[in-house]
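So the structure is just underneath, and the comments pick up after that.
The values are calculated or read from the model by the stated rules, or taken from the named source; none is laboratory data. The structure displayed is predicted, hence computed values, not measured ones. Note that each Cβ is placed from the backbone with ideal geometry, even for glycine, and that neighbours are counted across all protein chains shown.
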Amino acid sequence: MAEIQSFVLNILSELSSFLWGVPMVVLLFGTHLFLTLRTGGIQRHLGKAIKMTLSKSAAGGDISNFSALMVAMAATVGTGNIIGVGTAIALGGPGAVFWCWLTGVFGVATKYAEALLSVKYRYKTSDGTMIGGPMVVLEKALKKKWLAMFFCIATICAAFGIGNMTQANSVSTLMQENFGVSTYITGAVMAALIALITMGGIKWLSRVCEIFVPIMAAIYIIGCLAILFLNISWVDDALLLIVKSAFSAEAVGGGFAGGGIMLAMRYGISRGLFSNESGLGSAPIVSAAAKTDNAVKQALIASSATFWDTVIICALTGIVLVSSVLAYPDINFSDGAVLTNMAFGKLHAWGSGLLTIALLSFVFSTILGWSYYAERCVEYIGGKRVLVLFRIIWSSAVFIGCVAKLDLVWVFADCANALMAIPNIVMLLTLSGVVAAETKKYLDGDKINEYDPTIEH
């Protein structure tokens with residue numbers, strides 16, 4: 001049995017390396033650049049997007065603009081922002097931080113386009129709730145029902161892996177190592193909490209995220225700023241090193257790993273893409289549930305999630321880690337998780353505790369966010385009659401993830417995550433003209449608050 005598992009693991013590892021290799025990175029980052037051009041540099045409207053986050057609309061929908069944004073951020077702000085950035089630095093050197101940040105800047109355009117199309121082509125189910133996302137766009141706009149089904153299946157597989165079991169496993173491991181709590185106890189408590197929240201549907205889930213996500217993000221950002229204050233003498237040097245090594249043909253000095261610009265680009269871009277999920281097609285599923293006057297308005301609000309996730313949080317993490325290595329030469333930076341833990345450990349006695357709390361809260365929120373993505377895909381395939389069963393299975397998977405070894409699940413989830421992106425990118429590139437036209441009409445025409453009767457309300 002062990003030999004079979006090892007064989008399957010090797011096969012999946014090779015597939016994952018291929019799917020997340022240079023072609024996928026180039027495709028996703030290229031899509032970011034292309035859509036930035038097609039939208040006339042949508043990033044310049046980020047200020048307006050952030051201001052509209054708290055705006056209210058009388059138009060039809062399931063949840064508010066802010067709720068939709070918080071659910072999306074619940075899924076994206078996670079271990080990738082903390083451990084993922086550390087891994088990028090460990091493998092690609094300090095320059096990886098710059099390329100990760102740049103991925104966030106241009107990824108704003110892709111997140112905007114995804115959300116716009118998902119709202120534009122959404123529809124109302126028999127009980128009055130909204131359903132939308134790449135699967136709906138692929139069916140209604142491109143007439144590719146088989147591709148829509150492919151996206152849904154890939155999303156469900158990715159959700160149970162990267163958005164559920166692996167996340168739960170990281171929580172149970174942390175609780176056992178840091179507090180001596182049994183994985184079974186952690187699994188039982190987490191499964192019960194997730195079941196309680198998800199059984200209430202999107203409105204209850206969104207209320208939890210409205211409160212939970214801003215608090216967890218604020219605590220983490222404050223912790224990062226506190227470390228930067230302690231490292232203030234090294235911050236300028238860290239920023240200079242990050243930019244310099246991003247364009248250096250050779251590995252930087254100071255003991256940092258990395259083989260120059262190519263490795264910095266590879267790991268920085270891939271970790272950025274993995275963190276903010278721009279181009280994967282997950283976040284627009286919840287954008288489609290928002291109350292909004294028109295698709296452009298909600299798309300702008302949705303795009304700010306990438307800004308907060310990567311441009312702010314990932315960048316802060318990167319500067320914290322690089323400045324900490326410069327300030328404390330005893331820090332081990334050969335391993336991303338160890339690097340992050342040691343950097344936060346320098347924040348006096350409560351630094352490691354802060355990191356643990358941040359990781360626990362980020363992971364929990366990720367499970368909540370991905371539960372909604374998977375649920376909508378399950379509903380698209382099987383209708384509402386299967387939702388209660390799905391929620392039971394989802395909560396059970398949380399418990400299994402806490403107590404089981406998940407080597408195969410990790411690799412399988414990575415593959416499924418990449419497969420999500422393929423139909424989504426097909427959708428984005430094919431319908432980029434629609435995105436450009438809608439942007440010109442409502443944003444460039446200064447009609448951002450105008451009611452659009454052509455979308456479902």
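Matching residues to (1) free of Cβ contacts under 8 Å to residues at least 60 places away in the same chain; (2) in contact with a helix residue (DSSP H, G or I) (Cβ under 8 Å, 6 or more places away or on another chain); (3) under 21 Å from Asn417 (Cβ atoms):
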residue	(1), (2), (3)
Ile4	yes, no, no
Ile11	yes, no, yes
Ser16	no, yes, yes
Leu19	no, yes, yes
Met24	no, yes, yes
Phe29	no, yes, yes
Leu35	no, yes, yes
Gly40	no, yes, no
Gln43	no, yes, no
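Would you pick out the residues in region 135-153 that are assigned to a helix (DSSP H, G or I) and more than 15 Å from Ala283 (Cβ to Cβ)? Leu138, Glu139, Lys140, Lys145, Trp146, Leu147, Ala148, Met149, Phe150, Cys152, Ile153 - these are the residues of region 135-153 that are assigned to a helix (DSSP H, G or I) and more than 15 Å from Ala283 (Cβ to Cβ).
I'd like the full set of residues that are part of a helix (DSSP H, G or I), touching a Gly at 6+ places or on another chain (Cβ under 9 Å) and more than 14 Å from Ala295 (Cα to Cα), limited to region 97-133.
Initially, region 97-133 is screened for residues part of a helix (DSSP H, G or I), giving 97-120.
So of that shortlist, the ones also touching a Gly at 6+ places or on another chain (Cβ under 9 Å) come out as 97-104, 107, 109-111, 114, 117-120.
Those that are part of a helix (DSSP H, G or I), touching a Gly at 6+ places or on another chain (Cβ under 9 Å) and more than 14 Å from Ala295 (Cα to Cα): Val97, Phe98, Trp99, Cys100, Trp101, Leu102, Thr103, Gly104, Gly107, Ala109, Thr110.
The set of residues from region 231-255 being at pLDDT below 90, aliphatic (A, V, I, L, M) and not in a loop (DSSP other than H, G, I, E, B) comprises just one member, Ala246. Of the candidates Leu263, Leu300, the single residue that is out of contact with any Gly (no Cβ under 9 Å at 6 or more places or on another chain) and on the phi < 0 side of the Ramachandran plot is Leu300.
Using the structure shown, decide if Gln167 is modelled with pLDDT under 90, within 16 Å of the chain's Cα centre (by Cα) and not aromatic (Phe, Trp, Tyr). Spelling it out, Gln167 is indeed modelled with pLDDT under 90, within 16 Å of the chain's Cα centre (by Cα) and not aromatic (Phe, Trp, Tyr).
For region 94-140, filtering for residues that are at pLDDT 95 or above, over 22 Å from the mean Cα position of the chain (by Cα) and not charged (D, E, K, R) leaves 1.
In the set Ser118, Ser67, Ser55, only one residue is of a type in the set (Ser, Thr, Tyr) and either within 30 Å of Leu355 (Cα to Cα) or touching a strand residue (DSSP E or B) at 6+ places or on another chain (Cβ under 7 Å) (or both); that residue is Ser67.
Summed over region 44-85, the residues that are of a type outside the set (A, V, I, L, M, F, W, C) and closer than 28 Å to Glu456 by Cβ give a count of 14. Summed over region 389-410, the residues that are closer than 21 Å to Met135 by Cβ and free of Cβ contacts under 8 Å to residues at least 24 places away in the same chain give a count of 3.
Can you find a residue in region 275-289 that is crowded, with 20+ Cβ neighbours inside 10 Å, among the hydroxyl-bearing types (Ser, Thr, Tyr), part of a loop (DSSP other than H, G, I, E, B) and at pLDDT 80 or above?
We begin by selecting, within region 275-289, every residue crowded, with 20+ Cβ neighbours inside 10 Å; these are 275-289.
Within this subset, residues satisfying the condition of being among the hydroxyl-bearing types (Ser, Thr, Tyr) are 275, 278, 282, 287.
Okay, now just the ones that are also part of a loop (DSSP other than H, G, I, E, B), so 278, 282.
Within this subset, residues satisfying the condition of being at pLDDT 80 or above are 278, 282.
Within region 275-289, one or more residues are crowded, with 20+ Cβ neighbours inside 10 Å, among the hydroxyl-bearing types (Ser, Thr, Tyr), part of a loop (DSSP other than H, G, I, E, B) and at pLDDT 80 or above.
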